[in-house]
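Below is one structure, written out as structure tokens; comments come after it.
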Amino acid sequence: MIAAFASPGGEETSGLSRRATKSLSFEGVSGGKMNDPFARKSGLQRAAHSAVDAVVGNRWGSIRSVRTYQPLVALTFDDGPSSVWTPKILDILADYRSHATFFMLVENARRLPGLVHRVVAEGHEIGLHGFDHRRLAGGSRRSTRRMLAAAASELATISGEPVKYFRPPFGAQTVGSFLGERDAGLETVMWDLDSFDWSGLGEREVASEVIDRTEPGSIVLLHDTLADDPGCSFDRAVAAELIVDGLQRRTLQSTTVSGLLESGRVRRAAYFSLSTWCGSGARAFDEDPDRAR
């Protein structure tokens, strides 16, 4: 069961990041990375998430999902645009009359402005994923603000649309970088369901897990390329079509993050490195340096 805490402004803070990027691990407690990426968290991990969210989520929580009674979900694609996969994914979304949010790297958008324009023209949404895929969690509040403000401005110029949302590379952030994101005028969007399309699983296995685990209001993490491994053999078009088709068979329709937020009450969670709160004895529960996100 997910414990939710009401927050001001008609929002909720989840007491459990059920599908957060990585299981919470304390040095000396966890045995390391799980072999099964879909394994459930332990009671200790759940309790730690709940405690952090209860204390700081209302004020410093990132968007993770929406409480809605409408059959809507948000598919989100990171690291693009990609000249190989993004056009194919756009074709699939058009065929199924679905929409998505693409969290783009400015360095890729610069190379493919026509593709950026196509994303916007077909009714999808563009969010910022950074200038490049470097981790921002080590930067100061001021440096993060300056970098992201410049990146958002350039991406808005390329796309012709304002940029409202940001997703940090690797899902990694500290309180300082999170405040820098806010200072730059950006709303941080995480997810409640990781597709694990970066993990080496096959297309059908990834799609099956997403279809089975997605609920109304879910924000699903996907990739239209991998910034750290763009040549990997995973067929992102096949996975996308299986997912969109499977969700529609469950009467779930994909929309943009903005569209999903309009459908219900925002749920937030505190996505920070625990070292921010607990000192050096804890590692991040929302980041994993081995992940190409």
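The values are calculated or read from the model by the stated rules, or taken from the named source; none is laboratory data. Being a predicted model, the structure only gives us computed values, none of them experimental. Here the Cβ is made from the backbone with ideal geometry for all residues, glycine too, and neighbour counts use every protein chain on show.
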Of (1) over 18 Å from residue 241 (Cβ atoms); (2) in a loop (DSSP other than H, G, I, E, B), residue 84 fails just (1)
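Looking only at residues in the stretch 156-196 that are small (Gly, Ala, Ser) and assigned to a loop (DSSP other than H, G, I, E, B), which one is farthest from the chain's Cα centre (by Cα)?
Narrowing the stretch 156-196 to residues small (Gly, Ala, Ser): 156, 159-160, 171-172, 176-177, 180, 184-185, 195.
Now narrow it down to the ones that are assigned to a loop (DSSP other than H, G, I, E, B): 160, 172, 184-185, 195.
Details: 160: 23, 172: 11, 184: 18, 185: 18, 195: 10 Å.
Per the criteria, the residue is 160.
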Per the filter on the stretch 117-141, residues on the phi > 0 side of the Ramachandran plot and among the basic types (Lys, Arg) are none
When the stretch 230-269 is checked residue by residue, the ones that are closer than 28 Å to residue 187 by Cβ, at pLDDT below 95 and assigned to a loop (DSSP other than H, G, I, E, B) are 230
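Quick one: which residue in 56, 66 is in contact with a helix residue (DSSP H, G or I) (Cβ under 9 Å, 6 or more places away or on another chain) and at pLDDT 95 or above?
Values: 56 fails: at pLDDT 95 or above.
Every option except 66 fails the conditions.
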Reported set for the stretch 132-152 where residues are among the acidic types (Asp, Glu) and crowded, with 18+ Cβ neighbours inside 10 Å is none
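Report, by residue number, each residue of the stretch 149-178 that is touching a Ser or Thr at 6+ places or on another chain (Cβ under 9 Å) and either at pLDDT 95 or above or of a type outside the set (S, T, N, Q) (or both).
Within the stretch 149-178, the subset touching a Ser or Thr at 6+ places or on another chain (Cβ under 9 Å) is 163-168, 170-178.
Those that are touching a Ser or Thr at 6+ places or on another chain (Cβ under 9 Å) and either at pLDDT 95 or above or of a type outside the set (S, T, N, Q) (or both): 163, 164, 165, 166, 167, 168, 170, 171, 172, 175, 176, 178.
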